[in-house]
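*Asks:* Here it is, the structure in full.
The values are calculated or read from the model by the stated rules, or taken from the named source; none is laboratory data. Note that the coordinates shown come from a computational prediction; the quantities given were computed from them, not determined experimentally. Ideal geometry is used to build each Cβ from the backbone, glycine not excepted, and the neighbour counts take in all protein chains shown.
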Number of protein chains: 2
Amino acid sequence: MTASRGVITLSHGSGGKATHNLVESVFLPAFSNEALSRLGDAAVLDVGGELLAFTTDSFVVSPLFFGGGCLGDLAVNGTINDLAACGAQPLALSAGFVIEEGFPIADLERIVGAMSKAARAAGVPIVTGDTKVVERGKGDGCFVNTSGIGIVGPLASGLDASSAKPGDVVLVSGPIGDHGTAVLLARDDLGISADVVSDTAPLHGLVAALLASLGPDVHVLRDATRGGVATVLNEIASASKVAVRLDESAVPVRPQVVGVCELLGIDPLYVACEGRMVVVVAGERAEDALGTMRSSQSGSESAVIGEVEEQPAGFLLESTSFGGSRVVDMLVGDPLPRIC
Amino acid sequence: MTASRGVITLSHGSGGKATHNLVESVFLPAFSNEALSRLGDAAVLDVGGELLAFTTDSFVVSPLFFGGGCLGDLAVNGTINDLAACGAQPLALSAGFVIEEGFPIADLERIVGAMSKAARAAGVPIVTGDTKVVERGKGDGCFVNTSGIGIVGPLASGLDASSAKPGDVVLVSGPIGDHGTAVLLARDDLGISADVVSDTAPLHGLVAALLASLGPDVHVLRDATRGGVATVLNEIASASKVAVRLDESAVPVRPQVVGVCELLGIDPLYVACEGRMVVVVAGERAEDALGTMRSSQSGSESAVIGEVEEQPAGFLLESTSFGGSRVVDMLVGDPLPRIC
């Protein structure tokens, strides 16, 4: 394969097509095992009769501090949400730091403080950690890896990216693209200012409420981070061998986010969220799902955004307000590197 | 505190005194919880009646490839050994990559191949992963975080750095300092050549054999990585409020390692191992422990290296071949940055 003779590009970290290709050409062949090849947000293992979810995520967001959050809360909430997306209630997190020589300890304290606050707010302790330091110029301030474990209850047993069925409806737990836009705005080089803050938030409470209320009628959960809602829905369409049809006018996006994305020529459907769950439920439970999600602290602006159809299998389509329809592909390239 | 107004230095990543100060001044106050404050190599949590060990480690070794190993096997064996050091049998690992733009995919394949081989050799699958990419000049080739989970059996319940008692003996599972020396030699800037390869190896088999044979007579297990055997034994002396007395002539060190360390003015007691367990057992079981360890694949050169005494509590002493005795402090500063 030509790719394997090449070099790593920023696109390989986008969460979109290049990331998928790298995972399929390099990681899966080497590490092949059943838990990994399911490619969920977390692996699920049987531990003494309990189903244990296990996940890892490295955070390299730049800049480290942005409107509404920082590296610290992002790392805690991101890993909690990977656990939540497989229906697990988080049990504990780890924190591994790679810090560049010369990094101000005051900034480290801010990041660690934000992690601590986010962990307490979510009720999930950080139980183990590690710190490495690299020479000046060999890192970028601070990177954090958070791994997490959680318990998958019986109500979550059917959840899988391949479980979407024709007739299902698709919901999202709030306006999309806030996080990616807030990080972009925090980069000095853009010279744009707008009132947008990151949506970083833990979603395990919303997931627990959904599962308690709808049980097996919840078919798929995915948090829409790198690659945004469009990439997540492409993955679901592909894994479930169904078409997902989005209603453009139903997708919640804040006007400020629309404005910034228009200036930059980016579609908000590809912009990362860090506190938004994409939810697929049985069609007849759409109202129940919406009501439950809106009652949850982090889901008050939830919306039904589309439905699942039989054909064309594997595709995400968007119905436009003009009555037309377009194919929305998975993210190609990376217009927004280091968003998380 | 003055330290908190300062900046991160390479010493903060050494595993020695500066790391301890950082953990105690920044991380512990923020993350305080019982599992973390035990500061073992892994946290131990009760999951449905099973004791689950959970650990994390980021690897930033430079160079990425060295005699006897590379970043990949180091990351797998290192996390397995953190689990083994709390008496856990490893269940699964995660792998989180932070890769610098422009990194050759062929090198990534070598690293991933080494991880795969090490994971298979140890019988521990890599079940979940993550890849992030940073711009050229914002990383250093490739960093890997491996987190791991394992099951702590009933035989390991008494293991703790605070469990060493006067009359106990101290063993090490093989010659010390090979790993750190091999990495130093792989750095072009030294211009020294010697026949030393890393001792990177998984130690959970050796630990399982020890626990099966000696049960609760095994009091402490610690793998001697950053900061070397001297730092680990200082931690044990301090946690157990005992003195540890090393017999200089009994500590196994390969002559090539002694030679390189003499050239560089480093004491091998501070040089990292990546496949060496420090073991403290009840005095009357010394011979059983030695026999069991020597029968294990990675422990054939095990040795009794010292004993535990009542006074002076908290200190590591070394009896020299001239009949004298010196205090061996924890590692101060970092003569060997980025060794793992």
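*Asks:* Based on what the data block shows, is A:Phe31 of a type in the set (Phe, Trp, Tyr), within 8 Å of chain B (Cβ to nearest Cβ), in contact with a helix residue (DSSP H, G or I) (Cβ under 6 Å, 6 or more places away or on another chain) and at negative phi?
*Replies:* Judged against the criteria, A:Phe31 is a match.
*Asks:* Filter region B:261-282 for residues that are of a type in the set (A, V, I, L, M) and buried (at least 24 other Cβ atoms within 10 Å of the Cβ) and give the result.
*Replies:* If we filter region B:261-282 for residues that are of a type in the set (A, V, I, L, M), which is where we start, we get B:263-264, B:266, B:269, B:271-272, B:277-282.
Those that are of a type in the set (A, V, I, L, M) and buried (at least 24 other Cβ atoms within 10 Å of the Cβ): B:Leu269, B:Val271, B:Ala272, B:Met277, B:Val278, B:Val279, B:Val280, B:Val281.
Each row is one residue, and each column tells you yes or no for (1) in contact (Cβ under 8 Å) with a residue 12 or more places away in the chain; (2) under 28 Å from B:Gly78 (Cβ atoms); (3) among the aliphatic types (A, V, I, L, M); (4) touching a Leu at 6+ places or on another chain (Cβ under 9 Å).
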| site | (1), (2), (3), (4) |
| --- | --- |
| B:Val278 | yes, yes, yes, yes |
| B:Ala282 | yes, no, yes, yes |
| B:Ala289 | yes, yes, yes, yes |
| B:Ser298 | yes, yes, no, yes |
| B:Ile305 | yes, yes, yes, yes |
| B:Val308 | yes, yes, yes, no |
| B:Pro312 | yes, no, no, no |
| B:Thr320 | yes, no, no, no |
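*Asks:* Which of the residues spanning region A:307-326 are part of a strand (DSSP E or B) and touching an Asp or Glu at 6+ places or on another chain (Cβ under 6 Å)?
*Replies:* A:Val308, A:Glu318, A:Ser319, A:Arg326
*Asks:* Taking A:Ala92, is it more than 7 Å from chain B (Cβ to nearest Cβ) and either at pLDDT 95 or above or not in a strand (DSSP E or B) (or both)?
*Replies:* no
*Asks:* Would you mind finding the one in A:Val220, A:Val183, A:Val244, A:Val170 that is closer than 27 Å to A:Val332 by Cβ, in contact with a Phe, Trp or Tyr (Cβ under 8 Å, 6 or more places away or on another chain) and part of a strand (DSSP E or B)?
*Replies:* So the residue among A:Val220, A:Val183, A:Val244, A:Val170 that is closer than 27 Å to A:Val332 by Cβ, in contact with a Phe, Trp or Tyr (Cβ under 8 Å, 6 or more places away or on another chain) and part of a strand (DSSP E or B) is A:Val244.
*Asks:* Any residue in region B:51-70 that is part of a helix (DSSP H, G or I), at negative phi and touching a helix residue (DSSP H, G or I) at 6+ places or on another chain (Cβ under 8 Å)? Steps first, please.
*Replies:* To start, the set of residues in region B:51-70 that are part of a helix (DSSP H, G or I) comprises none.
Among the residues of region B:51-70, not one is part of a helix (DSSP H, G or I), at negative phi and touching a helix residue (DSSP H, G or I) at 6+ places or on another chain (Cβ under 8 Å), which makes the answer no.
*Asks:* Does B:Gly102 qualify as being within 7 Å of chain A (Cβ to nearest Cβ) and surrounded by 24 or more Cβ atoms within 10 Å (Cβ to Cβ)?
*Replies:* no
*Asks:* Among the residues of region A:60-69, which ones are at the interface with chain B (Cβ under 9 Å from one of its Cβ atoms) and surrounded by fewer than 24 Cβ atoms within 10 Å (Cβ to Cβ)?
*Replies:* A:Ser62
*Asks:* Which one is farthest from the other protein chains (Cβ to nearest Cβ), of the residues in region B:112-140 that are more than 25 Å from A:Val44 (Cβ to Cβ) and surrounded by 21 or more Cβ atoms within 10 Å (Cβ to Cβ)?
*Replies:* Out of the qualifying residues, it is B:Ala114.
*Asks:* Right, here's the next one. Which residue, of B:Arg285, B:Arg294, is of a type outside the set (Gly, Ala, Ser), surrounded by 14 or more Cβ atoms within 10 Å (Cβ to Cβ) and within 22 Å of the chain's Cα centre (by Cα)?
*Replies:* That would be B:Arg294, the only listed residue that is of a type outside the set (Gly, Ala, Ser), surrounded by 14 or more Cβ atoms within 10 Å (Cβ to Cβ) and within 22 Å of the chain's Cα centre (by Cα).
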